[in-house]
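The values are calculated or read from the model by the stated rules, or taken from the named source; none is laboratory data. These numbers were taken from a predicted model, which means no experiment stands behind them. Ideal geometry is used to build each Cβ from the backbone, glycine not excepted, and the neighbour counts take in all protein chains shown.
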Amino acid sequence: MCSRRCNGTISFLSCELLVFTIPHGICGLYERKLKELNPASRNITYDIADLYNFIDGLTDMSALVYDHGIQAYLPCDRQWIKQRTFQHLKKLAH
């Protein structure tokens, strides 16, 4: 993943339990960004559109997901990450 100001640097996150940690990690990144932008706010709320805008605002975001069937990593794009994040948040809401 790379923000618009990455200046040649790339940040990597390693996630062992993909189904949980990628969506959780993305939400955590966004929540930390919101806290940086609103340090005086005690409660910060956002909706899925706000989160999607954050994801879309990153210069690059992708995931390499290990497929046991072919014993290789498959690239997954930003849309896949958004779908997984939505599914994760939907499960938390129920």
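For the stretch 43-85, give me each residue that is in contact (Cβ under 8 Å) with a residue 40 or more places away in the chain, of a type outside the set (S, T, N, Q) and assigned to a helix (DSSP H, G or I).
Result: ILE48, GLY57, ILE81, ARG84.
Taking the stretch 44-76, which residues are of a type in the set (Phe, Trp, Tyr) and over 28 Å from LEU34 (Cβ atoms)?
TYR66, TYR73
Only one residue in ALA49, ALA40, ALA93 is modelled with pLDDT under 90 and among the hydrophobic types (A, V, I, L, M, F, W, C), so which one is that? Reasoning before the result, please.
Details: ALA49 fails: modelled with pLDDT under 90; ALA40 fails: modelled with pLDDT under 90.
Of the residues listed, the single one that is modelled with pLDDT under 90 and among the hydrophobic types (A, V, I, L, M, F, W, C) is ALA93.
When the residues of the stretch 1-37 are narrowed to those that are assigned to a loop (DSSP other than H, G, I, E, B) and aliphatic (A, V, I, L, M), which ends up modelled with the lowest pLDDT?
First, pick out the residues of the stretch 1-37 that are assigned to a loop (DSSP other than H, G, I, E, B): 1, 3-17.
Remaining after also requiring aliphatic (A, V, I, L, M): 1, 10, 13, 17.
On the way: MET1: 42, ILE10: 59, LEU13: 56, LEU17: 50.
Result: MET1.
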